[in-house]
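Trainee: This is the structure, below, for whatever I ask next.
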Amino acid sequence: MAGPITRVFNALHGYIYGRWTVRYIFLLRDKIIPWLKPQGRQRVADGFHSKVITSEEARAIITIDQPIFRRDLEQIIPYAAARTLILKAPPDIVVQDCPCRRTKENPCRPLEVCMVIGKPFTDFMLQHHPDKTRRISQSEALEILQAEHERGHIHTAWFKDAMGGRFYAICNCCKCCCFGLEVMAKYGAPMVAASGHVAQVDEALCSACGACEEACPFGAVKVNGTAVVNWDACMGCGVCTGQCSNGAVSLARDERKGIPLDVRALVRERAVELA
């Protein structure tokens, strides 16, 4: 149980992050993380991180029809903090301009692709960023997810200790703008956890067009006669599956890549526990 000083600090930290998110990300990415030692970067990742989720898992969060309250996500969210999932059904959803894209001079478009999920976070964002946020329906959220998947962007579920240690947003990340992907690639900060899946190629269907290699945000696919997946580098985001016109690439469950953030499975598990 956190002490009163820690609770006050986290509340203040959460307010600063939510109120000045763009400036916060800019300072953390460009001014703080580059100067931290590996253990410092790990501490940042422990309290502010994401889990790659597939399109199906993202859609399940948006359309959940039963409330869920889970704190025991140690296996799914492999960090020391910020791994609680609290959602009412249906979830309150607010879409906002992506703060990561807004830190860039020439960002990817569109900007309005990040979804804050659940109260009190949605109300806070609407109050403090009325010109950059709006409440949306489930169907609008699903349309955004589909459009971003078709653009080759990654769905990620974000957790932060200063936000009550909770899941609070689904982001649709591009490799050129995303804060988490950038600091992971540049500095080795483990900001993003794998989905629990890995890409696999049906060589009989593969035409070696190179679309999957170009699209992969983690450099995990190379084409040499046929597409080949580097298991170590693959995060199981499913971007390649959406870019292959032949349907040659699919995702396979792989326990060595962790446990998926599947809210429907979590609801079923809780029902069994309470039965």
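The values are calculated or read from the model by the stated rules, or taken from the named source; none is laboratory data. Fair warning: this is a prediction, and the values are worked out from it, not measured in the lab. Using ideal geometry, Cβ is built from the backbone for each residue, glycine included, and neighbour counts are taken over all protein chains shown.
Trainee: List pairs: first in region 191-206 and within 15 Å of T241 (Cβ to Cβ), second aromatic (F, W, Y) and part of a loop (DSSP other than H, G, I, E, B), Cβ under 7 Å, 6+ apart or cross-chain?
Mentor: Sorted first by the residue in region 191-206, then by its partner, the pairs are V198/W231.
Trainee: Return yes when Y168 is over 20 Å from V229 (Cα atoms), among the aromatic types (F, W, Y) and touching a Gly at 6+ places or on another chain (Cβ under 8 Å) and no when it is not.
Mentor: Working: over 20 Å from V229 (Cα atoms): yes; among the aromatic types (F, W, Y): yes; touching a Gly at 6+ places or on another chain (Cβ under 8 Å): yes.
Yes; evaluated as a whole, the condition is true for this residue.
Trainee: Same structure again: Would you be able to say whether some residue in region 210-228 is more than 26 Å from R102 (Cα to Cα) and in contact (Cβ under 8 Å) with a residue 40 or more places away in the chain?
Mentor: No.
Trainee: Just checking, which of A80, A60 is more than 25 Å from R19 (Cβ to Cβ), assigned to a helix (DSSP H, G or I) and either out of contact with any Pro (no Cβ under 8 Å at 6 or more places or on another chain) or not assigned by TED's automatic domain parsing to the domain that holds W158 (or both)?
Mentor: A60
Trainee: Any idea which residue in region 73-101 is modelled with the highest pLDDT, counting only those that are over 17 Å from the mean Cα position of the chain (by Cα) and charged (D, E, K, R)?
Mentor: If we take residues in region 73-101 being over 17 Å from the mean Cα position of the chain (by Cα) and charged (D, E, K, R), then D92 is modelled with the highest pLDDT.
Trainee: For region 19-44, enumerate the residues that are closer than 21 Å to I117 by Cα, assigned to a helix (DSSP H, G or I) and out of contact with any His (no Cβ under 7 Å at 6 or more places or on another chain).
Mentor: Scanning region 19-44 gives T21, V22, Y24, I25.
Trainee: Which of the following residues is under 30 Å from I16 (Cβ atoms) and surrounded by 15 or more Cβ atoms within 10 Å (Cβ to Cβ): H153, H197?
Mentor: It is H153.
Trainee: Could you list all residues from region 7-30 that are of a type in the set (S, T, Y) and surrounded by fewer than 14 Cβ atoms within 10 Å (Cβ to Cβ)? Step through it out loud before you land on a result.
Mentor: First, pick out the residues of region 7-30 that are of a type in the set (S, T, Y): 15, 17, 21, 24.
Y15, the sole residue that qualifies.
Trainee: Considering only region 131-145, how many residues are among the acidic types (D, E) and part of a loop (DSSP other than H, G, I, E, B)? Spell out how you get there, then give the answer.
Mentor: Of the residues in region 131-145, the ones among the acidic types (D, E) are 131, 140, 143.
Okay, now just the ones that are also part of a loop (DSSP other than H, G, I, E, B), so 131.
So the count comes out to 1.
Trainee: Scan region 100-138 residue by residue and report those that are closer than 19 Å to H149 by Cα, in contact (Cβ under 8 Å) with a residue 12 or more places away in the chain and not aliphatic (A, V, I, L, M).
Mentor: Those that are closer than 19 Å to H149 by Cα, in contact (Cβ under 8 Å) with a residue 12 or more places away in the chain and not aliphatic (A, V, I, L, M): C100, R101, P107, C108, E112, C114, S137, Q138.
Trainee: Could you list all residues from region 96-132 that are touching a Cys at 6+ places or on another chain (Cβ under 6 Å) and closer than 14 Å to C174 by Cβ?
Mentor: Residues satisfying the conditions are C98, C100, R101, K104, P107, C108, L111, V113, C114.
Trainee: Take the residues in region 111-130 that are assigned to a loop (DSSP other than H, G, I, E, B) and either small (G, A, S) or in contact with a strand residue (DSSP E or B) (Cβ under 9 Å, 6 or more places away or on another chain) (or both); name whichever of them is surrounded by the fewest Cβ atoms within 10 Å (Cβ to Cβ).
Mentor: Step one: list which residues in region 111-130 are assigned to a loop (DSSP other than H, G, I, E, B), which gives 111, 118-120, 129-130.
Filter again for either small (G, A, S) or in contact with a strand residue (DSSP E or B) (Cβ under 9 Å, 6 or more places away or on another chain) (or both), leaving 111, 118, 129.
Working: L111: 16, G118: 20, H129: 19.
Within region 111-130, the match that is surrounded by the fewest Cβ atoms within 10 Å (Cβ to Cβ) is L111.
Trainee: Quick one: is E148 among the acidic types (D, E), surrounded by 21 or more Cβ atoms within 10 Å (Cβ to Cβ) and assigned to a helix (DSSP H, G or I)?
Mentor: For E148, the condition - among the acidic types (D, E), surrounded by 21 or more Cβ atoms within 10 Å (Cβ to Cβ) and assigned to a helix (DSSP H, G or I) - is met.
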